[in-house]
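Below is one structure, written out as structure tokens, with a few remarks after it.
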2 protein chains.
Amino acid sequence: MRIDLRRWSRMGLALVALLVGTTSPRASSADEGMWLFSNLPRAYLARTYGFEPTDEWVQHLMLSSVRFNSGGSGSFVSSDGLVLTNHHVASDTIFKISTEENDYLEEGFLAKTLADEIPAPDLELNQLVSIEDVTDRVMASVASSMTADDAAKARNAVMAEIENESLEATGLRSDIVTLYGGAKYHLYRYKKYVDVRVVFAPEAAIAFFGGDADNFEYPRYCLDICLLRVYENGKPAKIDHFLSWNDSPPTEEQLVFVSGHPGRTQRGFTVDAMKYLRDTRLPFALDLLRRREIMLQQFGLQGEEQKRRAQDDLFGVQNSRKAYTGMLQGLQDPAVLEAKRSREARILASIADRPDAEEIREAFAAVAELQLRRKELIRAVGGFRTGIYGIAETLVLMGAEDAKPSADRLREFRDSNRESLEQELFSTAPLYPDLEATKLADEIARLIEWIGADDPLVVDLLEGLGPQNRAAKAIAETKLFDVQARRELAAGGPDAIAASDDPLIVMARKMQPLYRKIRSEIEQVEELERQAYVKVSEATVAFEGTSTYPDATFTLRLAFGPIRGYEEGGTKIAPWTTMGDAFAHQENHGSREPWQLPQSWIAARDRIGADVPFNFVCTADIIGGNSGSPVVNRDGEFVGIIFDGNIQSLTADYLYTETQGRAVSVHAAAIREALRKIYGAEELADSLGR
Amino acid sequence: MRIDLRRWSRMGLALVALLVGTTSPRASSADEGMWLFSNLPRAYLARTYGFEPTDEWVQHLMLSSVRFNSGGSGSFVSSDGLVLTNHHVASDTIFKISTEENDYLEEGFLAKTLADEIPAPDLELNQLVSIEDVTDRVMASVASSMTADDAAKARNAVMAEIENESLEATGLRSDIVTLYGGAKYHLYRYKKYVDVRVVFAPEAAIAFFGGDADNFEYPRYCLDICLLRVYENGKPAKIDHFLSWNDSPPTEEQLVFVSGHPGRTQRGFTVDAMKYLRDTRLPFALDLLRRREIMLQQFGLQGEEQKRRAQDDLFGVQNSRKAYTGMLQGLQDPAVLEAKRSREARILASIADRPDAEEIREAFAAVAELQLRRKELIRAVGGFRTGIYGIAETLVLMGAEDAKPSADRLREFRDSNRESLEQELFSTAPLYPDLEATKLADEIARLIEWIGADDPLVVDLLEGLGPQNRAAKAIAETKLFDVQARRELAAGGPDAIAASDDPLIVMARKMQPLYRKIRSEIEQVEELERQAYVKVSEATVAFEGTSTYPDATFTLRLAFGPIRGYEEGGTKIAPWTTMGDAFAHQENHGSREPWQLPQSWIAARDRIGADVPFNFVCTADIIGGNSGSPVVNRDGEFVGIIFDGNIQSLTADYLYTETQGRAVSVHAAAIREALRKIYGAEELADSLGR
């Protein structure tokens, strides 16, 4: 499955900026590109595919697309609020509504009536309704004479001002998106849905058939889908823009479009920034992921219930670990970086006669320099902000931030973000003390490894205990598992938080200076990178032309390409599989885990159309965050849903390739066939696309 | 199970010295101690237990004890050459004699007749026959005016000379052992057995019942045993000293003795050396182990046969990972290091008036300084020398070393070690190309992470390919899987090896300068540490008295203590379990993996004595390497075999504790009961102790 942002956020990669970096543009070729809806490659589409999208086509697809604020994509597929996404995008929600008695991840779920639909405890869905270019106003706030720190502050302030004005004027969620590495700023306005309920989820065994072994492989046989419904005022929301459904079988070379929210790409990175990825960031991230993977596996060995508690986290970690492994392997291939290096050399040669040539070279050098600072900060990545401790930390930061004017606050504490913040902070999603203690102990141990056991902060935190005992004691004594206690602390404001003797609040207070110091250093690095990348982008655009797409920013993009197989090791891989093939795949693996189809499938075998197309591949340019993106045909009809990229596509964060790299989708026909023939959800199947 | 040295060596921790460090003494208290057979705590035993071992008792136990050169312990248990050890000590041998068709690890093995016993492809067993103090001669070779480099060379040369003289005079394997951190040098002479055959192994499911989950836990229910037989001249060896067998049930507070080969302890480490363990070595080793664990798990996901191929390595890695985790947790507990720190402060205070006080303080400071050098070298640990590549590396090094006089060579290439070296080099043990390619690719990737992708050595090694493709190509093209090809290369001498175009030989030739550079730097650090620890030891002995035991050195030691339960979380843990309890344990875990007893046990349930003692705990001071050690009673009779320590004992590498820390053994009675009632090996059972 694709790496989803929600995985990063849920795993508590607090200082996630270090892992995602900033962005800058590059030119496209072939079907490459994650295009802004406000700047589609119309000429290329017309020339190559004879396709000229109308404004209505574009607008309808945009409004039918859904962003999962937790990370991931989806689409409206009915007039009464049905949202389709991947099982693995919704699995954290399914996990949160599960209990020891009702494990909906393992068993699946189907609401027989509206009344049976289960509310997600803290899910926010976004529908993009408008895009506005605010580059001039943002740029005007920063004077070239400013220090990086002042420039970052000024930029943040004007961005907060614009967002707030927009929120007040429209009532819509308003986010400024930094594009082309800081050369462009767009204001995106979203309609928010916060009452979201679970309608249908298949069993994990078929949603993730083949498990970690088959993940990122192809051919595949996964029903990686989940149906949710958005509500307004306690009723199913009435949706004007939703996708029609088209069950027709795929055809070879059929052109399809993917409308979704790719997370972060690094295609505009300089060679030095790529080397930082290769030599520091990815090896570090992999060490961290493997550490968590083993920790969660070990936790799960304690019993069936512990295994269930750790399972969803474990899926996410394994998924990221496998994806990053592929990315690093690509970067360690000398040919890949050599291609980047030679392109960069050509860009630099091309600008040699420009009056600002020195300035451009300095910008490249500045990026190189900043990678060294990133390297120094790397161990701060991914720390601590996990689960219940994250709640304590948010409360402590909020206490201090709320005393400032909104525009001066850390971004997530501004008034315009308050609703989203509180939804997370006061979520009723279950947090398990045993798992929380295990995670917290590991984070304390990591802090010791990072700043040393003799550091006064560590001595102060440990209070004479080892990490395990310290974490166990704090988890046992904290009141924060109780949502009401969180609300009361938050309501009490800065004074209440400063006075609290809750052990996790005390711990977060002690950590706060280090957290703020690191965060401010990282934001400074980012600001300086943004400034440098503006020049890098200029030079790149001057060399490669203007019709480019910006690096992905977890905002709506359009990708496209034909449904097409590929060759691997001399074998031709067919562009789609069938539902019948899933049974054959099970048998080829002796029906052992993770190749055991659920009982529902075994029982329905005779009823299922063996030839119904199940999963298919196309060349569209996608990455993590695109999970759940609708795949539509030329008529804008739903024909499938993205759920993965194959292993050859894993370099896509920094390098698109269509020789073997493919996006993997569930076909529309399989979704309806499964609902009707396996899950007895005839009515739900009929309502799709209506 | 205990961490065994064989695990370290088999995982290719080439520069293992970095992981084991040097040693120095400390005083003992209570039942603490891994005593030299030449210096037993006779007064303490007499005073505390009223036990006065005769010289015959000591000599008989020494000669009945067996060292597994691959890492681990065992004992002679019959006059016709039977050797008893742990299943997990012999599991690499069982793995090596297994095939896709006959998976003796999973299915177990029983030779019906002598003719059915299967030769181990490369196992060497050692029986210690004498100990001689050669400290004066070694010390005389080093002048205080020498540089560290010269001192190390001079010391190595005289040690090689002594070993060689001894080998020539006696025909016995002759190893000089560095004790008390370099204050004492003893010459150990061993009779070697190199024709070793497998007689009996139970199924892994009962040898390692409860798997990774139960590992290092107690109560336990494991038949972690394996019976081998040593041969001489093609016949079962006639053994004069073997242990009598005593099936009597254990009694509470019964005094028992453990005779075995603990690997390496760090009890004499200075506080700075402990901090290096805590802050650098153990975190690094854990990252490496987790990396290998995930790699092997992923490899095993490809299919049943791949799982089998990776399984034994995986057991070893998981075992080490769990043990190191426990060790690090102990070190991160402020109380543990505070105890060490305050002891060190008292030692330093006690010597303040000595004329050599400054020299002693400088020795402590030198150790601190050397930890910084170790830190710089840490990334060289554990590299590359795995499987088939290790063979190529050995051949390349041998080519160069053989051109020198024996005493000047790297230790493993000296004439006195030649037989052991060739046994490993020309082993017919299976090496699987798919697994070897996976491991080698990972080692190349680690090299890139370590010295950087732009390093000329990396560029040269990769030959334009990524690590995966590079490794796959080299593994596909090498001839070294063929033992005959290795023999021919070795026979061709330095010229043949220099001229070889075998891709792994070429790779090892390219790596050789780096390998030699790092190794020499490490040996220099070790020499300087030895010199410093001689002074540290002197000060410690002066403060704590003279009747101490030296840190463990994978040589024969005697430990002891009563059979005794303990309290945990308010619960009293009984000192032994029964065979009947194993069935209850299975049922408590719903009979799911890894708590599924093998079919042989299920079938024999009614025949097995439910009350027969199965596993038991005692307070004896053991660590990794002690696995397989015989446990004997006051009469020197075999009553059990060590196979594990509980989780509370995992600090034993640096801190013995008997409050909860326990050594875990299989009881003699269970071994005979299982052979008779479950495995139909009546005759074999009868021959034990005879």
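Placing a label point 7 Å from Cα along the Cα-to-Cβ direction at A:Asp136 gives distances to the equivalent points in the other copies of 9.8 nm, listed shortest first. When shorter helices are ignored and each DSSP H run of at least 4 residues is given -39500 (n - 2.57), the per-residue value for chain B at 222 nm works out to -14500 deg cm²/dmol.
Scanning residues 5 or more positions from B:Gly33 or on other chains, those with amide H under 5 Å from its amide H are B:Asp621, with H placed 1.01 Å from N in the peptide plane. When both the range B:341-385 and the range B:493-554 are represented by their alpha-carbon centers, they are found 18 Å apart. Among the trypsin sites (Lys or Arg not before Pro) found in the range B:558-641, those both in a DSSP coil and sparsely packed, with 11 or fewer other Cβ atoms within 10 Å of their Cβ, are B:Arg592, B:Arg607. Taking every protein chain into account, the 1.4 Å probe leaves A:Met511 with about 10 Å² of accessible area, to the nearest ten. Across all C-alpha atoms in the protein assembly as shown, the radius of gyration and Dmax reach 33.4, 100 Å. For the range B:501-615, the share of alpha carbon pairs falling in successive 5 Å distance bins from zero is 2, 7, 8, 9, 9, 7, 8, 8, 8, 11, 15, 7, 1, 0 percent. For B:Lys96, the lysines whose Cα comes closer than 19 Å to its Cα, not counting residues fewer than 8 places off in the same chain, are B:Lys307, B:Lys439. A point 7 Å from Cα along Cα→Cβ stands in for A:His589, and the other copies hold the same point at 2.4 nm, listed in rising order.
Peptide A:278-284 is shielded by partner chain Cβ atoms: per residue, an average of 3 of them sit within 10 Å of its Cβ.
With the simple model of a label 7 Å out from the Cα in the direction of the Cβ, A:Arg487 to A:Arg418 spans 1.6 nm.
When the Kirkwood hydrodynamic radius is evaluated over all pairs of different C-alpha atoms of the range A:561-690, what value in angstrom, to one decimal, is obtained?
Taking the inverse mean of 1/r over all distinct Cα pairs, the range A:561-690 comes out at 16.0 Å.
Diffusion coefficient (Stokes-Einstein, Kirkwood radius over C-alpha pairs, 20 °C, 1.002 mPa s) for the range A:246-373: 115 µm²/s, rounded to a whole number.
Relative contact order of the range A:251-385, taken over Cα pairs closer than 8 Å and 6 or more residues apart, is 33 percent. Both the radius of gyration and Dmax for the range A:121-203 are 16.6, 59 Å, in that order, over alpha-carbon atoms. Across A:Ser520, B:Ser78, the residue with the most accessible area heads the list, and the full order at a 1.4 Å probe is A:Ser520, B:Ser78. Note on chain B: with charges restricted to the Cβ of Lys and Arg (+1) and Asp and Glu (-1), its dipole about the Cα centre is near 660 debye.
When only the heavy atoms of the protein chains count and the probe is 1.4 Å, how do A:Tyr566, A:Tyr180 rank by accessible area, highest first?
A:Tyr180, A:Tyr566
Quick note on chain A: its Rg to Rh ratio, both from C-alpha atoms and Rh being the Kirkwood radius, is 0.95. The order of B:Lys340, A:Lys307, A:Lys96 by accessible area, most exposed first and with a 1.4 Å probe, is A:Lys307, A:Lys96, B:Lys340. Note on B:Arg47 and A:Arg411: the model spin-label points, each 7 Å out from Cα along the C-beta direction, lie 6.9 nm apart. Dipole magnitude for the range B:219-266: computed about the Cα centre from +1 point charges on Lys and Arg Cβ and -1 point charges on Asp and Glu Cβ, it is near 320 debye. A point 7 Å from Cα along Cα→Cβ stands in for A:Lys479, and the other copies hold the same point at 7.8 nm, listed in rising order. Each of A:Lys307 and A:Ala476 was given a label point 7 Å from its Cα along the Cα-to-Cβ line. The distance between the two points is 2.8 nm. Here the relative contact order of the range A:449-575, from alpha carbon pairs under 8 Å that lie six or more residues apart, stands at 14 percent. Using R₀ = 56 Å, calculate the FRET efficiency as 1/(1 + (r/R₀)^6) where r is the Cβ-Cβ separation of A:Lys235 and B:Ala339; round to 0.05. According to the calculation, E is roughly 0.25.
Using the Cβ-Cβ distance between A:Ser591 and B:Thr571 with R0 set to 41 Å, the FRET efficiency works out to roughly 0.50. The mean count of C-beta atoms from other chains within 10 Å of the C-beta of residues in A:329-337, rounded to a whole number, is 6. To the nearest 0.05, what FRET efficiency results for A:Val459 and B:Leu348 with a Förster distance of 22 Å applied to their C-beta separation? Using R0 = 22 Å, I get an efficiency of 0.50. The relative contact order of the range A:198-245 comes to 39 percent, based on Cα pairs under 8 Å that sit 6 or more residues apart. Within the range A:77-116, the GluC sites (Glu not before Pro) that combine a DSSP coil assignment with at most 15 other C-beta atoms in a 10 angstrom radius are A:Glu100, A:Glu101.
Backbone N atoms of the range B:523-556 closer than 20 Å to the 7 Å Cα→Cβ label point of B:Glu359 belong to residues B:527-546.
The values are calculated or read from the model by the stated rules, or taken from the named source; none is laboratory data. Model, not experiment: these values are computed from the prediction. Ideal geometry is used to build each Cβ from the backbone, glycine not excepted, and the neighbour counts take in all protein chains shown. Accessible surface areas use protein heavy atoms only, side chains included; no ligands, DNA or RNA. Shrake-Rupley method; radii C 1.70, N 1.55, O 1.52, S 1.80 Å.
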